[in-house]
Amino acid sequence: MELLTIGAFAKASRLSPKALRLYDELGLLPPARVDPVTGYRFYTPGQLERAQLVAWLRRLGMPLAHIREVCGLDAAAAAQEVRAFWARIEADTAARRDLATFLIDHLSWKNPIVPSTTNPLHIRYAALSDTGLVRDSNQDTAYAGSRLLAVADGFGPDGGPASAAAVEVLKRLESDSIPAGNLLNALGDAVDQAQQAVHGVASTGHAPQEAGTTLTAMLWTGSHLALVHIGDSRAYLLRDGELFQITHDHTLVQSMVDEGRITADEAASHPQRSLLMRALAGASNPAADIHLHDAQRGDRYLLCSDGLSSVVATEDLHQVVSTVTDPEQAVRELIALANRSGGPDNVSCVVADVLELQQ
């Protein structure tokens, strides 16, 4: 069989020799033969189809580790993976579009205050927290009110007081009248104040350098939900029957997934999967993610600690949040799912539905 040099194969596949060498190192596109003396790589014409698929998936922005998974599947399964990947991209784009629309209106002064809607919306909500089956105490805090939804997962000897302190700061926003133009700034200020509160707990606690908390919260404004997130607690959106994760884990393994060094499946069992890259802790200066979501009638939001998301499969979360209509019953069933999976950690969740007010 005629072999192509790396230069000829690069030209035919429209991939650079540098990219081909990287794909070889990752086991994504190994050459058919490597010269034992020169180390020069040779490829077969039959490898062009796989090379083109890799190039197309890279243009989509798919991480290399995920591409390796897709290339190992049959055509139907690969198509399903690409469809799922693109759905996640569209969900992220939608969130960015909502924020862009808000900023355009604010900067052009078309919408200086939160607008009233023709059919006013409100939220119906429930929150529940459980110690789980292994831990001696509960360091999570879950809260749901008429304007604020929040989950915080404390860690360290004083993790419980730390998570409670962070949520208590954000609860002050419920009674504040915040113009739309100041909404994101108000959330940013609240995160700074929550950090100070956590630092105060850590400074007087048993182990000052170890206490901290994650924080995932949403502030309801009547037509928008403003999201603040730091750590590995999560927020999900159920819209039109599809469940989307709308937060990004601030963990070491997630950064490795983002870089294409490991797959999502490998991350789930990685020994350092709980190692946080960002959190409210000690005297750090955290960089929280803050976004704005345009609420729609029929939306359902799920906020949870990793005591739920790390032990319950996404499809099982989807099953509960899409079929159990009452938020109180939904949070109870989600907690039960985590405990039936061993309950290795504290578990907390908030479920909120966006409803139209009856006139």
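Here T216 meets each of (1) closer than 23 Å to H270 by Cβ; (2) among the polar types (S, T, N, Q); (3) outside any strand (DSSP E or B) with one exception, condition (3). Of the residues that sit in the range 172-185 and are closer than 23 Å to A127 by Cβ and surrounded by 16 or more Cβ atoms within 10 Å (Cβ to Cβ), which one is farthest from the chain's Cα centre (by Cα)? Among those that are closer than 23 Å to A127 by Cβ and surrounded by 16 or more Cβ atoms within 10 Å (Cβ to Cβ), it is I178. Of all the residues in the range 50-69, those that are of a type outside the set (G, A, S) and either closer than 11 Å to L29 by Cβ or in contact with a Pro (Cβ under 7 Å, 6 or more places away or on another chain) (or both) number 7. Out of (1) open to solvent by less than 50 Å² (accessible area, probe 1.4 Å); (2) modelled with pLDDT under 85, what's the single condition that is false for T251? It is condition (2) that T251 fails. Return a yes/no flag: does the range 52-59 have any residue that is of a type in the set (F, W, Y) and in contact with a helix residue (DSSP H, G or I) (Cβ under 7 Å, 6 or more places away or on another chain). No, because not a single residue in the range 52-59 is of a type in the set (F, W, Y) and in contact with a helix residue (DSSP H, G or I) (Cβ under 7 Å, 6 or more places away or on another chain). Of all the listed residues (I67, I6), the sole one being over 36 Å from the mean Cα position of the chain (by Cα) and surrounded by 17 or more Cβ atoms within 10 Å (Cβ to Cβ) is I6. Restricting T101, T38, T117, T44 to those that are modelled with pLDDT of 85 or more, among the hydroxyl-bearing types (S, T, Y) and surrounded by 13 or more Cβ atoms within 10 Å (Cβ to Cβ) reduces the list to T44. Residues in the range 13-64 that are on the phi > 0 side of the Ramachandran plot and over 33 Å from the mean Cα position of the chain (by Cα): R14, G39. In contact with a Gly (Cβ under 9 Å, 6 or more places away or on another chain) and open to solvent by 30 Å² or more (accessible area, probe 1.4 Å): does that describe V354? So V354 fails the test. Residues of the range 271-315 being in contact (Cβ under 8 Å) with a residue 24 or more places away in the chain and among the polar types (S, T, N, Q), which ones? Of everything in the range 271-315, those that are in contact (Cβ under 8 Å) with a residue 24 or more places away in the chain and among the polar types (S, T, N, Q) turn out to be S274, S284, N285, Q296, S305, S309, S310, T314. Annotation: of all residues in the range 280-337 being touching an Asp or Glu at 6+ places or on another chain (Cβ under 9 Å) and among the basic types (K, R), the one that is modelled with the highest pLDDT is R300. When the range 228-248 is filtered for residues that are touching a residue at least 60 places away in the same chain (Cβ under 8 Å), within 17 Å of I290 (Cα to Cα) and crowded, with 19+ Cβ neighbours inside 10 Å, the ones remaining, listed by number, are V228, H229, G231, D232, S233, R234, A235, Y236, L237, I246.
The values are calculated or read from the model by the stated rules, or taken from the named source; none is laboratory data. Being a predicted model, the structure only gives us computed values, none of them experimental. We place every Cβ from the backbone using ideal geometry, glycine too, and count neighbours over all the protein chains shown. Areas reflect the complete protein model, heavy atoms only, side chains present, ligands, DNA and RNA absent. Shrake-Rupley method; radii C 1.70, N 1.55, O 1.52, S 1.80 Å.
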